[in-house]
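Engineer: Would you mind keeping the following structure in view while I ask a few things?
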Amino acid sequence: MTAYKLGKIAQSLVHAGKGILAADESSPTIKKRFDRINVPSSEENRRSYREMLFTTQGLEEFVSGVILFDETLRQIAQDGTPFPKVLTNKGIIPGIKVDKGAKALAGFHSEKVTEGLDGLRDRLIEYRELGAQFAKWRAVITIGEGIPTRACIDANAHALARYAALCQEAELVPIVEPEVLMDGKHDIERCEDVTTLTLRRVFAELHEQNVILEAMLLKPNMVISGKTCPRQASVDEVAEATVRCMRRTVPASVPGLVFLSGGQSPEQATENLNRMNVIGQHPWELSFSYGRALQEPAIAAWQGKASNAALVQKALYHRAKCNGAARYGNYTKEME
Ligand code: 5MM
């Protein structure tokens with residue numbers, strides 16, 4: 001496949017009015033989500049919950065792609081259809097999380113580096129055969145006293161670039177996700193400084209590793225106040241700071257930015273995305289790749305009961321629709 005064709009997939013993922021559903025929670029993360037509603041994280045519960053999400057009627061109006069976890073990519077719907085086929089039948093592009101998680105960075109306190117490069121070339125070939133058309137790798141940068149260190153940012157940026165190059169070689173569109181966490185009491189200015197430095201280092205490494213920018217997507221955090229910062233920045237401040245930071249760091253040849261929600265409430269994540277699109281003309285599409293901000297109300301509606309399937313799907317459809325409107329800057333609180 002040519003870079004041109006990979007670029008077309010990247011463009012389809014950021015098609016007007018649509019974004020990505022991140023349903024790639026690893027086993028420990030999905031367990032945390034299920035624990036909150038007292039539902040055991042068995043393989044069947046994970047399968048049936050995700051089948052409800054993927055078979056939501058009309059999801060394809062607002063969702064261009066779904067990121068899956070290794071287990072989910074191999075699972076099948078009740079009628080025997082493999083999940084990747086369930087999605088492509090609806091015109092939704094299946095993707096796969098390929099990193100092996102953020103692990104302690106040796107020699108540094110409380111910082112992490114994402115692992116998973118060993119054997120990645122072979123895994124990517126298998127994922128493509130199973131139907132994935134794009135991939136995702138998440139790096140985690142923590143803000144705190146004296147951190148992040150330059151060494152942590154550089155180690156993660158290098159791994160992200162090596163992953164992205166391998167994806168393009170295997171004919172998968174890489175989503176590059178350097179997440180600066182919103183945990184902590186830092187203010188929005190500190191988040192902007194750290195996000196700016198992180199993205200500068202990521203794009204320098206992508207360049208070094210010959211990654212084709214037209215054939216990838218960036219999944220950044222928004223520039224936002226730390227969760228426990230006494231002064232929470234307004235929607236206008238978040239939108240302005242995020243757009244400014246992205247304009248200073250992300251080349252115009254990248255087709256789209258698919259923001260993560262990072263622990264924002266579903267409404268807050270929609271409102272912030274909407275405001276950025278209201279600000280207007282950008283060199284890239286500004287879209288979403290939300291996990292919690294799309295799924296929180298759906299999981300709450302489920303409570304582990306198959307009889308709640310219609311409520312789960314209604315909740316997911318609603319959030320997807322609101323974010324679809326935010327892609328145009330057309331979201332209003334009345335939609336809630
Ligand atoms: C859905 O969660 C993804 C996988 O996380 P783990 O590897 O920790 O299980 C995660 O990468 C997610 O795609 C991003 O963090 C965006 O999700 P949010 O909830 O922040 O929008």
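Engineer: Hey, what do the phi angles of the range 168-177 turn into as Karplus ³J(HN,Hα) couplings, whole Hz, using 6.51/-1.76/1.60 and θ = phi - 60°, x for Gly and Pro?
Structural biologist: Values per residue, Gly and Pro as x: 5, 4, 8, 6, 10, 7, x, 9, 9, 10 Hz.
Engineer: Which whole-number percent is the relative contact order of the chain (Cα, under 8 Å, 6+ apart)? Before the final figure, lay out each step's value.
Structural biologist: Details: 674 pairs, mean separation 65.2, N = 336.
Normalised by residue count, the contact order of the chain is 19 percent.
Engineer: DSSP loop trypsin sites (Lys or Arg not before Pro) in the range 161-258 with at most 14 other Cβ atoms within 10 Å of their Cβ, which ones?
Structural biologist: Numbers: sites: ARG162, LYS185, ARG190, ARG200, ARG201, LYS227, ARG231, ARG244, ARG247, ARG248; in loops: LYS185, LYS227, ARG231.
Counting only loop positions with at most 14 other Cβ atoms within 10 Å, the trypsin sites (Lys or Arg not before Pro) in the range 161-258 are LYS185, ARG231.
Engineer: Give, in nm to one decimal, the length gained when the segment between LEU130 and ALA104 is fully stretched (0.36 nm per residue of separation minus the Cα-Cα distance). Let's see the in-between values first.
Structural biologist: Values: separation 26, 0.36 × 26 = 9.36 nm, distance 3.10 nm.
Contour length minus Cα-Cα distance gives 6.3 nm.
Engineer: What per residue convex hull volume, in Å³, do the alpha-carbon atoms of the chain yield?
Structural biologist: Working: hull volume 42.7 nm³, N = 336.
Cα convex hull per residue, to the nearest whole number: 127 Å³.
Engineer: Using label points projected 7 Å from each Cα along Cα→Cβ, tell me how many nm separate ILE147 and ALA300, to one decimal.
Structural biologist: For ILE147 paired with ALA300, the spin-label model returns 3.1 nm.
Engineer: Next question, about the same structure. Against the 2.2 N^0.38 Å scaling, with N counting residues, where does the range 249-314 land? I'd like the Cα-based Rg ratio to two decimal places. Mind showing how you got there, number by number?
Structural biologist: Numbers: Rg = 15.3 Å, N = 66, 2.2 N^0.38 = 10.8 Å.
Against the empirical 2.2 N^0.38 Å value, I get 1.42 for the range 249-314.
Engineer: Residue by residue through the range 68-80, what is 3J(HN,Hα) from phi via Karplus (6.51 cos²θ - 1.76 cosθ + 1.60, θ = phi - 60°)? Round to whole Hz and write x for glycine and proline.
Structural biologist: 3J(HN,Hα) across the range 68-80, in whole Hz: 10, 8, 3, 4, 5, 4, 9, 7, 10, 6, 3, 7, x.
Engineer: Separate question: Of the accessible area of the chain, with the probe set at 1.4 angstrom, what percent is carbon plus sulfur? Walk me through the intermediate numbers first.
Structural biologist: Details: 6960 of 14010 Å².
The computed percentage sits at 50.
Engineer: Oh, and also: Grab the DSSP H runs of the chain that are 4 residues or longer, score each as -39,500 (n - 2.57), total them, divide by all residues and round the 222 nm result to the nearest 500 deg cm²/dmol. Display every interim value, and only then the final one.
Structural biologist: On the way: 12 runs with 154 residues, N = 336.
Theoretical 222 nm ellipticity from helices: -14500 deg cm²/dmol.
Engineer: For the chain, with every protein chain kept in place, what is the accessible area per residue (1.4 Å probe, Å²)?
Structural biologist: 42
The values are calculated or read from the model by the stated rules, or taken from the named source; none is laboratory data. Small disclaimer: the values here were computed from a predicted structure and weren't measured. Because the Cβ atoms are built from the backbone with ideal geometry, glycine has one as well, and the counts that use them run over all protein chains shown. When the accessible area is computed, the model is the full protein with side chains, heavy atoms only, and any ligands, DNA or RNA have been set aside. Shrake-Rupley method; radii C 1.70, N 1.55, O 1.52, S 1.80 Å.
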